[in-house]
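Worksheet for the structure shown next.
The values are calculated or read from the model by the stated rules, or taken from the named source; none is laboratory data. No experiment lies behind these values; they were computed from the predicted model shown. Here the Cβ positions follow ideal geometry from the backbone for every residue, glycine too, while neighbour counts run over all protein chains shown.
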Amino acid sequence: MGPSQLPSEVSSNPQAESPRRIAVMGATGSIGDNALQVIAASQGRLTAVALSAHSRLERLVELAKKFTPKWVIATDEVAAKAYKWRGLPKETELLVGAEALEQVARDAEVDTVLAAIVGSAGLGSTLAAVEAGKTVALANKETLVAAGPIVKKLADKHGATLLPVDSEHSAIFQSLKSGTRSEVHRIVITASGGPFRTWNADALRQVTVDEALAHPTWDMGPKITIDSATLMNKALEIVEARWLFDLPADRIEVMIHPQCIVHSMVEFVDGSVIAQMSPPDMRLPIQYALEYPHRREAVAPRIDWTQRMHLEFEPADIGRYPAIELGFRAARKGGTAGVVVNAANETAVAQFLEGELHFTEIVPACKSVLESHNFNPTPTLDELAKLDQWARREVENWVCA
Ligand SMILES: NC(=O)C1=CN([C@@H]2O[C@H](COP(=O)(O)OP(=O)(O)OC[C@H]3O[C@@H](n4cnc5c(N)ncnc54)[C@H](OP(=O)(O)O)[C@@H]3O)[C@@H](O)[C@H]2O)C=CC1
Ligand SMILES: CC(=O)[C@@H](O)[C@H](O)COP(=O)(O)O
Ligand SMILES: [Mn+2]
């Protein structure tokens, strides 16, 4: 856990009264939407200086009218060129293309980059922010899954700060403050179990896209919602935690906790377990990262202690949830395992959403591509990019045995 990356204290903006300038990468998504609510409610402490979108350009213009950022970034060049740009505030400059994300992420007028683009498309701007020594509020877990050791090394080198936004990792980050690093026995990542927690194997084979998109507790974008249903989200989160907190895989546990009130826990050497609890609402971890190290009144709801509450925890059965075993395997192996699992999963999820793959084929496809890849323990970024493309092709050509 390098001090530059997971600090116990981050200095506030040098000019105490000036707002913290946030570049919201992925502003049109679920995290983007929650983050903009947090920014709007921050009483001027936070300001959105950049907003990015890929396909939802009308929504981007609406957001620009509300937040008057210095930049809006439209990453899909074809869509951006075809779009009739009307109504952007005159103070707002339109930038087009994925490179603009990196340009803005590096800009001196940005204090914090909120990495809320989905999938490996979020890697470039996150790396640019890290290389510019910025604070990165990291929702995009795929970045750490694919390139964790490289991102961490660059963060150390350039003095960048990585602050978790993912609810479990935010909970662990907050809980870790109760002890020193050598006092940590293990971390326990909680999992909702997804919409199919109680379904049998026959029923799982018939899962439809709509059923998989109906998460019982969280309202999220489509890709992560499918990941939650397959438990691949937990696999990605195991790898994310492994690199973010620099913990070996055997110090990570997963527990199914359907109520999603305990967002994760840290067990210390003396047996004390410190948990972070709150209703399932991403505005709290987003706010914690954007306002860090301060705690502020939140827009997210609080636990209602006048109501009876029932919290359940059960061990994650690896036989029932093969994705979890895959996550541990990728966390243990490191090297190219993460990029391959991630790219395979992104492709398999896209195929499932297109009706080209069954729900029950997603995890086996990822496993098969992981097992057949040419493992490299110390890849460069270029090698990761090549393997990412290779894994995508493998899934496209994959036929369930
Ligand atoms: N949603 C949640 O509660 C949580 C999400 N996360 C993580 O946060 C990230 C974002 O998730 P979520 O907000 O749910 O996802 P959404 O699908 O809701 O939003 C994704 C965002 O990324 C943009 N985007 C999509 N493709 C590209 C691309 N190729 N290049 C640039 N931008 C692109 C979208 O633009 P557009 O919509 O304009 O096409 C949108 O702004 C994911 O990594 C997820 O795992 C982590 C914890 C919780
Ligand atoms: C809100 C959040 O952080 C998601 O990653 C969430 O954890 C998904 O829920 P499950 O993967 O536990 O179903
Ligand atoms: Mn999560």
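Some points to look at:
- Single match in Asp281, Asp270 (criterion: surrounded by 13 or more Cβ atoms within 10 Å (Cβ to Cβ) and of a type in the set (Asp, Glu)): Asp281
- Flag for Pro7 being surrounded by 15 or more Cβ atoms within 10 Å (Cβ to Cβ) and at pLDDT 95 or above: no
- Which numbered condition Asn200 fails, given (1) modelled with pLDDT of 95 or more; (2) of a type outside the set (Val, Ile, Thr); (3) more than 16 Å from ligand 3 (Cβ to nearest atom); (4) surrounded by fewer than 24 Cβ atoms within 10 Å (Cβ to Cβ): (1)
- Residue check, Gly133 within 9 Å of ligand 1 (Cβ to nearest atom), among the small types (Gly, Ala, Ser) and within 22 Å of the chain's Cα centre (by Cα): no
- Selection from region 319-359 of residues that are among the aromatic types (Phe, Trp, Tyr) and either in the same structural domain as Thr143 (by the TED database) or under 27 Å from Asp246 (Cα atoms) (or both): Tyr321, Phe328
- Total residues in region 174-190, condition within 16 Å of ligand 1 (Cβ to nearest atom) and surrounded by fewer than 24 Cβ atoms within 10 Å (Cβ to Cβ): 1
- Unmet requirement for Leu213, which otherwise passes all of (1) away from ligand 3 (no atom under 11 Å from the Cβ); (2) in contact with a Ser or Thr (Cβ under 8 Å, 6 or more places away or on another chain); (3) within 21 Å of Ala146 (Cβ to Cβ): (3)
- Test: residue in region 95-103 that is closer than 22 Å to Glu131 by Cβ, buried (at least 21 other Cβ atoms within 10 Å of the Cβ) and in contact (Cβ under 8 Å) with a residue 60 or more places away in the chain: yes
- If you go through region 144-179 and keep only what is polar (S, T, N, Q), farther than 14 Å from Gln287 by Cα and in the same structural domain as Ile238 (by the TED database), you end up with Ser175, Ser178.
- Single match in Ser178, Ser120 (criterion: within 17 Å of Asp227 (Cβ to Cβ), more than 16 Å from ligand 2 (Cβ to nearest atom) and not hydrophobic (A, V, I, L, M, F, W, C)): Ser120
- In region 55-81, the residues that are touching an Asp or Glu at 6+ places or on another chain (Cβ under 7 Å) and among the aromatic types (Phe, Trp, Tyr): Trp71
- Some residue of region 101-119 being among the acidic types (Asp, Glu) and touching a helix residue (DSSP H, G or I) at 6+ places or on another chain (Cβ under 6 Å): yes
For (1) outside any loop (DSSP other than H, G, I, E, B); (2) away from ligand 2 (no atom under 16 Å from the Cβ); (3) at pLDDT 95 or above; (4) loosely packed, with under 15 Cβ neighbours inside 10 Å, each residue gets a yes or a no:
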| site | (1), (2), (3), (4) |
| --- | --- |
| Glu17 | no, yes, no, yes |
| Ala23 | yes, yes, yes, no |
| Gln37 | yes, no, yes, no |
| Gly44 | no, yes, yes, yes |
| Leu60 | yes, yes, yes, no |
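- Answer from Ala229, Ala235, Ala249 - the residue that is small (Gly, Ala, Ser) and away from ligand 2 (no atom under 14 Å from the Cβ): Ala249
- Ala229 being crowded, with 24+ Cβ neighbours inside 10 Å, closer than 22 Å to Ala146 by Cβ and in contact with a Ser or Thr (Cβ under 9 Å, 6 or more places away or on another chain): no
- Annotation note: of Ala241, Ala249, Ala212, the sole residue that is away from ligand 1 (no atom under 16 Å from the Cβ), surrounded by 15 or more Cβ atoms within 10 Å (Cβ to Cβ) and among the aliphatic types (A, V, I, L, M) is Ala249.
- Conditions (1) in a loop (DSSP other than H, G, I, E, B); (2) in contact with a strand residue (DSSP E or B) (Cβ under 6 Å, 6 or more places away or on another chain): number failed by Glu91: (2)
- Of all residues in region 152-172, none satisfies the criterion of being within 14 Å of ligand 1 (Cβ to nearest atom) and farther than 17 Å from Tyr288 by Cα.
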